[in-house]
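What follows is a short report on a single structure.
The values are calculated or read from the model by the stated rules, or taken from the named source; none is laboratory data. Note that this is a predicted model, so its numbers are computed, not measured. Please note: Cβ atoms are built from the backbone with ideal geometry, for glycine as well, and neighbour counts cover all protein chains shown. Side chains are part of the model used for accessible areas, which takes the heavy atoms of the whole protein and leaves out ligands, DNA and RNA. Shrake-Rupley method; radii C 1.70, N 1.55, O 1.52, S 1.80 Å.
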Amino acid sequence: MLEQLEAIRERYEEVSQQMTMPEIVSDMTKFTRLSKEYKDLEKIVNQLKVYKNVLSNIEGAKDIIANEKDEDMRDLAKEELDELLPKRDELEAILKEMLIPKDPNDSKNVILEIRAGTGGDEASIFAGDLFRMYQRFIEKQGWRMTLLDHNEGTAGGYKEIVVQVEGDDVYGKLKYESGVHRVQRVPATESQGRVHTSAATVAALPEADEVDLTINMNDVRIDTFCSSGAGGQSVNTTYSAVRMVHIPTGVTVSCQDERSQIKNREKALSVLRSRLYEMEMAKHNEAISAERKDLVGNGDRSDKIRTYNYPQSRVTDHRIGLTVYNLPTVMEGEIGTFIEQLRMADNAEKMKENAMAVA
């Protein structure tokens, strides 16, 4: 492990030097990429310094115990050693986790898409409830959310809503939310008081930029149409809404939440790029994980990942078997427990793979 950590320290120093070079400073793309790498490496290097200091103190305490004639000094060294050994083990566990290959997309912003699934009007209402849950979670994280497109349900909620989420480690957290979310409750539209099961799908797409994926605009058909949502006098009178169709794949996106056609084109292109990037990611992940299926984090939208049972105030995540009985709190955006447990399960699986690879 120390060899790996030393290699990281050397790379940290190399990146630090590169960031001072005029040709790097003048190239914003390279400078931004190196800045992100520097920030990630710095966390590991700082932890390594603490770890090395503890190892040095352990050796010092052992030396005193072995060679010091003063009994009081030896007793103090034994007490110090009793404190240092657990600290060493704790730091080793932290460093092992930090050495897990990081998903390069974790630091990216996210295009978050929520769509009503089976269940008619109730599915749209539930999609609206999920959106408000994520909206509150996003606020608690200090992230920024921008509405890109939405289609309201006839009885409330949304048939579909798409937002952009910007901040630190956004994809690293929201990626675990992709999949089918199921709700069990008595719908507001149900007069007999029977519990129904409905569903909504969530997709958290890492926002791709031109460096990640270049789109040939000759492959894209662009249509403009009148906005149908709120927007003042310009609604239904100006062709500000934009629809883009990627002809080779058939992927279609639209954006109508800006009054400016230019801004709607920019946002639609961002969503299109992210969807195409996700498709490429899916092909890559399928190729490297052909032998097994990941416990979490594969983002398969067909997987039923979580159930929200209102009669029992129960929320169950089926991937890790975690159940909590505080549904109202969860719907207020308190989903951090699920995300942290999923992250830990994902890391444990990766650590197991690393250990097998080394062996």
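Worth pointing out:
- Label-to-label distance for residue 14 and residue 169 is 2.6 nm, based on points extended 7 Å past Cα in the beta-carbon direction.
- According to the calculation over all Cα-Cα pairs in segment 36-125, the P(r) per 5 Å bin from zero is 3, 11, 14, 12, 10, 8, 8, 7, 7, 6, 4, 3, 3, 2, 2, 1, 0 %.
- A cut-off under 14 angstrom between Cβ atoms defines the neighbours of residue 151, and their net charge, with Lys, Arg +1 and Asp, Glu -1, is -3.
- Surface exposure of the chain, expressed per residue as accessible area with a 1.4 Å probe, stands at 55 Å².
- Cα centroids of segment 303-332 and segment 157-211: 14 Å apart.
- ³J(HN,Hα), Karplus 6.51/-1.76/1.60, whole Hz, each residue of segment 127-143, x for Gly, Pro: 4, x, 5, 5, 4, 5, 4, 5, 4, 5, 4, 4, 4, 5, 7, x, 7
- Residue 81 accessible area, assembled protein chains, probe 1.4 Å, Å²: 30
- Proximity of backbone amide H atoms, modeled 1.01 Å from N, is registered between residue 159 and 151, 152, 153 at under 5 Å, excluding neighbours fewer than 5 places apart on the same chain.
- Other-chain or far-sequence residues with amide H under 5 Å of residue 196's (modelled H): 185, 186
- Values [x] 23, 48, 23, 6, 0; [y] 29, 58, 12, 0; [z] 31, 51, 17, 1 are given for comparison; P(r) over Cα pairs in 20 Å bins from 0, in percent, derived from the coordinates here, is the one labelled [x].
- Based on DSSP H segments of at least four residues, each scored -39500 (n - 2.57), the chain has a per-residue ellipticity at 222 nm of -16500 deg cm²/dmol.
- Share of carbon and sulfur in the accessible heavy-atom surface of the chain [1.4 Å probe, %]: 49
- Extension gain for residue 69-residue 214 works out to 45.1 nm (0.36 nm per residue, less the C-alpha to C-alpha distance).
- HN-Hα J in Hz across segment 319-331 - Karplus 6.51, -1.76, 1.60, θ = phi - 60°, x for Gly and Pro: 6, 10, x, 8, 10, 10, 10, 9, 3, x, 5, 4, 5
- Approximating the spin labels as points 7 Å out from Cα along Cα→Cβ, the residue 247-to-residue 49 distance works out to 5.7 nm.
- Amide H contacts of residue 207 (H built 1.01 Å from N, under 5 Å, at least 5 apart or other chain): 109, 110, 111
- When the Gaussian network model of the chain links Cα atoms closer than 10 Å, the mean-square fluctuations of 40, 149, 63 top out at 63.
- Only protein heavy atoms count here; under a 1.4 Å probe, residue 145 has an accessible surface of about 60 Å².
- Highest average packing first - 151-164, 85-98, Cβ atoms within 10 Å: 151-164, 85-98
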